[in-house]
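The values are calculated or read from the model by the stated rules, or taken from the named source; none is laboratory data. Just so it is clear, the model here is predicted, and its values are computed rather than measured. Here the Cβ is made from the backbone with ideal geometry for all residues, glycine too, and neighbour counts use every protein chain on show. Areas reflect the complete protein model, heavy atoms only, side chains present, ligands, DNA and RNA absent. Shrake-Rupley method; radii C 1.70, N 1.55, O 1.52, S 1.80 Å.
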Amino acid sequence: MNKFVSALLLFFSITTAFAQTQAILLDQAGKLDQAKTEIDKAILDAKLSTKAKTWFARGQIYEHIANDPTKLYSKLDSNAAFIAYESYKKASELDKPGGSYDKDSKAALISQSLYAALFNQAIQRYQAKNYVDAIKAFQLAQENNPKDTLSVLYTGIAAQQSKDIPLAKNALGKYIDLGGKDLDFFYTLAALYIADKENDKALEVIAKGLLINPSNKNLKDQELSILLSTGKLDQAIDNLKKAIEREPKNLQYQTNLAILYGNAGNKDEEKAIYKKVLALDSTNFEANYNLGVFYFNKGAETVKKLNSLDMNQYNKSGKKIEAEMQSHFQQALPYFEKAHQSNPKDIPLMENLVKIYNQLKRNTDVDKLTKEIENAEANKK
């Protein structure tokens, strides 16, 4: 080989090797911009790029860039944490198992410093609504610290934002399994399961949350909603009774329990609970309306019974049935009127009131309320 060429090759070899060494020295001196320039040169060299030392040095430099407390150098590369992670991985692969760079790289991959770099990079992407890259960084942070609940939680949040519901479910489930205790995310995960009609899984999540805080209102209400929608009346009634024991003045729980009893066919218990509610709040719309419906339906049944009579049957028992009908409508009337005062725009309620006024021959009230209905319907258009 020509001596000049040999000398030239030796010069380039020394130069590139110097770039690697210089990069390390500049990194140690805190001159991260210059260190980056030198290590970027070294990594392009065919020989140096096969060395574990080169990749480890690159990981160190880019990790320091990502975690730069002055924020002056962190702008050099917005992917610095990713590059550091990949560099340590490469250094470990290139070194022999148990070699110094293999050990140091594996230690770096699970260090708090790299975790911070990856997590901060993930947050930056999340705030920029770049959810795909944010998820990637959060997942690498989770790989760095498998017991960490924060990174897996944010993976779930970012996945939900990006509409990746399977990943969101998986990440939030992992958050719970790792010991996460923020019940808002138990509620969120249960809601995701409910939306996909996976009610049994939702109930499992809720049960885990209630072990942390048995009186959490959001989870209890969510559980009740599932039980109601799936027809598990006995369990729903039992849960509501326990909720009322904890919050005896919670009128929504009381009215919900009355509705459940009504759905279960226990009308007497339903009626008794509504009256308890009205004893605490005489203006409660649901209690007034549903008690009105209770008596109104009885009146409607007697109207059907009356209309089914022939002349002989009417002459024999018609007056008695008419009196019974009037009694039921009279009982419904004050409850409907009270409900109407609470919600004067409820058109179905007003229509029922008109029917009662007609049956009771209160024509002035019929005319007045009919006009109110017409006005309410006109305002809806």
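Go through the range 110-129 and count every residue that is more than 15 Å from Asn67 (Cβ to Cβ) and either polar (S, T, N, Q) or buried (at least 16 other Cβ atoms within 10 Å of the Cβ) (or both).
Residues that pass the stated criteria total 3.
Just to be sure, is Lys361 outside any helix (DSSP H, G or I), of a type in the set (D, E, K, R) and either closer than 20 Å to Asn290 by Cβ or open to solvent by 90 Å² or more (accessible area, probe 1.4 Å) (or both)? Yes, satisfied.
Within the range 211-224, the set of residues being surrounded by fewer than 17 Cβ atoms within 10 Å (Cβ to Cβ) and of a type outside the set (D, E, K, R) comprises Leu211, Ile212, Asn213, Pro214, Ser215, Asn218.
Residues checked against (1) among the aromatic types (Phe, Trp, Tyr); (2) open to solvent by 40 Å² or more (accessible area, probe 1.4 Å); (3) at pLDDT 85 or above; (4) more than 18 Å from Leu114 (Cβ to Cβ):
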position: Gly30; (1), (2), (3), (4): no, no, no, yes
position: Leu48; (1), (2), (3), (4): no, no, yes, yes
position: Phe56; (1), (2), (3), (4): yes, no, yes, no
position: Tyr85; (1), (2), (3), (4): yes, no, yes, no
position: Lys90; (1), (2), (3), (4): no, yes, yes, no
position: Lys103; (1), (2), (3), (4): no, yes, yes, no
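To keep it simple, each residue is scored yes or no on (1) in contact with a helix residue (DSSP H, G or I) (Cβ under 6 Å, 6 or more places away or on another chain); (2) basic (Lys, Arg); (3) outside any helix (DSSP H, G or I); (4) at pLDDT 95 or above.
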| residue | (1), (2), (3), (4) |
| --- | --- |
| Lys147 | no, yes, yes, no |
| Leu167 | yes, no, no, yes |
| Thr188 | no, no, no, yes |
| Glu204 | no, no, no, no |
| Leu210 | yes, no, no, no |
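Here Lys197 meets the list (1) open to solvent by 40 Å² or more (accessible area, probe 1.4 Å); (2) part of a helix (DSSP H, G or I) almost entirely, failing just condition (2). Lys355 falls short of the stated requirement of being among the basic types (Lys, Arg), under 18 Å from Val293 (Cβ atoms) and either open to solvent by less than 80 Å² (accessible area, probe 1.4 Å) or outside any helix (DSSP H, G or I) (or both).
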